[in-house]
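Since the structure comes first, as structure tokens, the remarks are kept for the end.
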Amino acid sequence: MSIDIDIESSRAVNERLPAIVNHIGDIKSDVQRLQSSIDAKVLSRSNLRSRLRNVQSNIESIQSDLLLLYRTTMQNINGYEENEARTHARVQNIPTNPGK
């Protein structure tokens with residue numbers, strides 16, 4: 001069995017995550033600005049204030065999860081590369097003419 005991992009592609013995709021997290025942060029700021037622009041009486045209707053706070057909390061959770069995914073993936077990519085390098089070095093050190 002063989003597992004082939006395209007490290008460069010994996011790294012490229014993973015490196016896009018911080019920009020996505022920043023974009024999500026911009027959305028959170030938009031929600032905060034929206035909430036502050038709504039009259040307090042309107043916010044009290046249909047539990048709107050609570051619902052907007054839940055949206056902000058969910059956005060923070062998504063940001064946190066994506067940052068964890070980014071860090072974990074980066075650690076795994078780095079670990080994979082280190083293991084590949086160690087394996088390659090060990091293979092290079094195997095004698096080509098055993099017994100001589």
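The values are calculated or read from the model by the stated rules, or taken from the named source; none is laboratory data. Because the structure is a prediction, the values reported are computed rather than measured. Glycine also receives a Cβ, built like all others from the backbone with ideal geometry; neighbour counts cover every protein chain displayed.
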When only residues in region 30-64 that are assigned to a helix (DSSP H, G or I) and charged (D, E, K, R) count, which is modelled with the lowest pLDDT? ARG45
Among what's in region 54-79 and is more than 12 Å from the chain's Cα centre (by Cα) and in contact (Cβ under 8 Å) with a residue 12 or more places away in the chain, pick the residue that is nearest to ILE5 (Cα to Cα). ILE77
Looking at region 22-34 only, could you name the residues that are under 24 Å from the mean Cα position of the chain (by Cα), of a type in the set (D, E, K, R) and either farther than 30 Å from TYR70 by Cα or exposed (fewer than 13 other Cβ atoms within 10 Å of the Cβ) (or both)? ASP26, ASP30
For region 6-49, give me each residue that is in contact with a helix residue (DSSP H, G or I) (Cβ under 9 Å, 6 or more places away or on another chain) and among the small types (Gly, Ala, Ser). SER10, GLY25, ALA40
Matching option when the condition is more than 30 Å from GLN75 (Cα to Cα), polar (S, T, N, Q) and surrounded by 11 or more Cβ atoms within 10 Å (Cβ to Cβ), among SER44, SER10, SER37: SER44
Evaluate region 17-29: report whether one residue or more is among the polar types (S, T, N, Q), assigned to a helix (DSSP H, G or I) and farther than 17 Å from ASN78 by Cα. yes
